[in-house]
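Everything below concerns the one structure shown next.
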Amino acid sequence: MNFKALTAAIAMMAMPAAVMADPDDDKLIINGEIEMISVAKAPEHLENLDTIYSGWHFRTDETQALQIDDFDNPAMIFVDQAADVYETVDGAAGKSCASCHDGVESFAGLTAQMPKVDPETGKLVVMEDLINECRTERMEADAWKWSGADMQGMVALIGLQSRGMPMNVAIDGPAAPYWEQGKEMYYTRYGQLELSCANCHEENYGNMIRADHLSQGMINGFPTYRLKQAKLISRHNRFRGCIRDTRAETFAEGSDEFRALELYVASRGNGLSVETPAVRQ
Amino acid sequence: MTKALKLGLAGMLCASTAMAGEIKPKDVSFADGAIEQSLTGTPGDPEKGATIVGEKSMGNCVACHQVSALADVPFQGEVGPPLDGAGDRWTEAELRGLVANAKMTFEGTVMPAFYKDDGFIRPGDAYTGKAPSGPLEPILSAQDVEDVVAFLMTLKEQ
């Protein structure tokens with residue numbers, strides 16, 4: 001029921017829109033003051049959806065509650081740890097993040113525009129790339145593992161500086177070929193189950209698939225704290241899990257394929273607030 | 001690996017594991033989405049079929065379908081239509097076709113093909129996320145399909 005034509009037809013008949021287990025109508029306000037844009041008009045480039053929703057709207061009241069107050073949000077422990085790491089010297093150059101950057105607040109707005117194309121190399125880069133570049137090139141420290149607690153804590157800390165700002169990744173100019181690649185992946189029916197991201201998150205959001213309430217698969221809340229795993233989950237780890245569940249050979253975390261997919265999926269959420277770190281079941 | 005070699009290997013494996021007289025996935029013939037001939041010649045067992053439909057590690061059909069007859073199986077999904085009354089709506093041959101490869105009945109459907117072993121994009125080694133180490137097996141065996149069909153035939157609206 002989420003295709004534009006159908007929705008339009010229903011609207012014309014002036015029937016109520018609640019035709020399936022829709023996203024709920026709750027409002028996402030964090031700490032009683034930060035009003036999040038968790039429902040928005042779909043961006044122009046998104047042909048098959050009218051409205052985009054944060055994954056928060058598809059979770060149970062109990063899980064939702066953990067995200068509306070930072071004191072209850074279990075991800076904040078990892079964010080606090082990252083704030084300490086930000087000040088901690090590591091590597092042969094004897095530097096910390098704070099040696100080169102102002103306070104972490106100076107990163108406000110960055111996550112809303114990621115991934116982006118590096119103007120020098122022409123390569124698509126995601127936050128993990130920027131962080132590891134600083135670690136290896138400027139701190140002369142070891143690169144962090146993609147989905148490790150150090151890395152995802154730092155991705156979440158930097159993301160938190162943009163919390164509430166609408167996602168606004170560029171999809172044109174030098175980003176265009178990467179975006180096309182990601183789009184193609186999104187609609188490819190991988191694996192022995194022959195399921196694409198769109199089959200689940202575009203055609204069936206709002207529906208139950210076994211015990212899971214399908215969302216639109218947005219990444220504005222990533223890294224998210226997953227209660228089941230009791231840690232921060234990276235975007236690429238989530239992609240891996242979803243592709244694995246189609247009985248497919250997945251792509252690696254940190255692969256160029258997942259960078260492109262990340263850009264495309266991020267662009268589907270253009271207009272939704274950065275929610276990092278969100279809480280999921 | 002060349003296509004011919006792949007087929008050769010697949011053929012060897014099937015020859016050793018498949019039961020005599022069984023129709024292999026590549027040899028199934030569809031007519032308007034239906035498969036007339038039993039895949040095994042052995043009548044399906046509806047009770048086994050019920051287990052396959054409900055078990056996560058087997059057919060896991062309830063991931064997408066509600067089945068009132070399996071009320072004790074929790075968390076039934078709603079991606080596909082409820083299967084209640086499927087035995088009235090479809091013939092046995094049509095149900096066999098639907099389970100084996102629903103795309104022959106509903107073009108482009110999200111429902112996976114359960115008796116198909118090639119033509120996939122990046123198929124994996126079951127749910128490991130890794131590349132398969134040998135030729136793929138269909139998700140359900142020929143007799144599993146017959147059992148599921150026998151179960152579906154029992155789903156009648158009163």
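We did not get these values from a lab; they are worked out from the coordinates using the rules stated. All figures in this text were calculated on a predicted structure; none of them were measured in a lab. Note that each Cβ is placed from the backbone with ideal geometry, even for glycine, and that neighbours are counted across all protein chains shown.
Taking Cα atoms, how many degrees apart are the long axis of helix A:76-87 and the longest axis of chain A, rounded to 10 and kept between 0 and 90?
Tilt relative to chain A: about 30 degrees.
Could you check which residue among B:Val62, B:Val110, B:Val99 shows the biggest mean-square fluctuation in a GNM of chain B with a 10 Å Cα cutoff?
With Cα springs under 10 Å in chain B, the top fluctuation among B:Val62, B:Val110, B:Val99 is at B:Val110.
With only Lys, Arg, Asp and Glu charged, each at its Cβ (+1 for the first two, -1 for the last two), find how big the charge dipole of chain A is about the Cα centre; round to the nearest 20 debye. Spell out each step's value before the answer.
On the way: 25 positive and 43 negative charges, 138 e Å.
For chain A, the charge dipole is close to 660 debye.
Towards the positive end of the charge dipole of the range A:36-279, with charges on Cβ (+1 Lys, Arg; -1 Asp, Glu), say which of A:Met127, A:Tyr187, A:Ala42 has the farthest Cα.
The listed residue farthest towards the positive side: A:Tyr187.
Between B:Tyr127 and A:Gln281, take the C-beta separation as r, use R0 = 25 Å, and let me know the FRET efficiency to the nearest 0.05. Write out the running numbers ahead of the final one.
Numbers: r = 19 Å, r/R0 = 0.78.
Step by step, r from the Cβ atoms, then E = 0.80.
Helix A:176-186: angle to the longest alpha-carbon principal axis of chain A, degrees 0 to 90, nearest 10?
Long axis of A:176-186 versus the principal axis of chain A: about 60 degrees.
List every residue whose amide H lies under 5 Å from the amide H of B:Met58, counting only residues 5 or more places away in sequence or on a different chain, with H placed 1.01 Å from N in the peptide plane.
Those lying under 5 Å, H to H, from B:Met58: there are none.
Counting only GluC sites (Glu not before Pro) that are in a DSSP loop and have at most 13 other C-beta atoms within 10 Å, tell me the longest site-free stretch of chain A.
That would be A:141-281.
Other chains' Cβ within 10 Å of B:60-66 residues: what's the mean?
Mean shielding by partner chains, rounded to a whole number: 2.
Could you tell me which of A:Met151, A:Ile68, A:Leu110 has its Cα farthest along the dipole of the protein assembly as shown towards the positive end, charges placed at Cβ (Lys, Arg +1; Asp, Glu -1), taken about the Cα centre?
It is A:Met151, whose Cα lies furthest towards the positive end.
Using the alpha-carbon atoms, what tilt in degrees (0 to 90, nearest 10) does helix A:149-160 show relative to the longest principal axis of chain A?
70 degrees
Using a Gaussian network model of chain B whose springs link C-alpha atoms within less than 10 Å, name the residue from B:Ser141, B:Ser68, B:Ser57 with the highest mean-square fluctuation.
Its mean-square fluctuation being the largest, the pick is B:Ser57.
Taking 45 Å as R0, compute the FRET efficiency from the Cβ-Cβ separation of A:Lys228 and A:Ala92 and round it to 0.05.
Efficiency for this residue pair is about 0.70.
If you take the beta carbon distance between A:Asn31 and B:Glu107 as r and set R0 to 41 Å, what does 1/(1 + (r/R0)^6) give as a FRET efficiency, to the nearest 0.05? Don't skip to the end; give the middle numbers.
Numbers: r = 50 Å, r/R0 = 1.21.
Efficiency, from the Cβ-Cβ distance: 0.25.
What is the sum of charges around B:Met104, taking Lys and Arg as +1, Asp and Glu as -1, for the other residues whose C-beta is under 12 Å from the C-beta of B:Met104? Intermediate results must be reported in sequence, preceding the final value.
Details: positive: B:Arg96, B:Lys103, B:Lys116; negative: B:Asp32, B:Glu94, B:Glu107.
Result for the local shell: 0.
Find out how many positive minus negative residues lie around A:Met139, taking Lys and Arg as positive, Asp and Glu as negative, among other residues whose Cβ is under 12 Å from that of A:Met139.
-2
With a sphere of radius 12 Å drawn around the Cβ of B:Phe75, what net charge do the other residues whose Cβ falls strictly inside it have (Lys, Arg +1; Asp, Glu -1)?
-1
Please list the non-local residues whose amide H lies under 5 Å from the amide H of A:Leu195, H modeled 1.01 Å from N, same-chain partners needing a gap of 5 or more.
A:Tyr190
The range A:95-162 to the range B:23-38: how many Å between their Cα centroids?
About 55 Å separates the Cα centre of the range A:95-162 from the one of the range B:23-38.
Students often check this: by mean Cβ neighbours within 10 Å, which of A:229-239, B:22-32 ranks highest, and how do the rest follow?
Final packing ranking: A:229-239, B:22-32.
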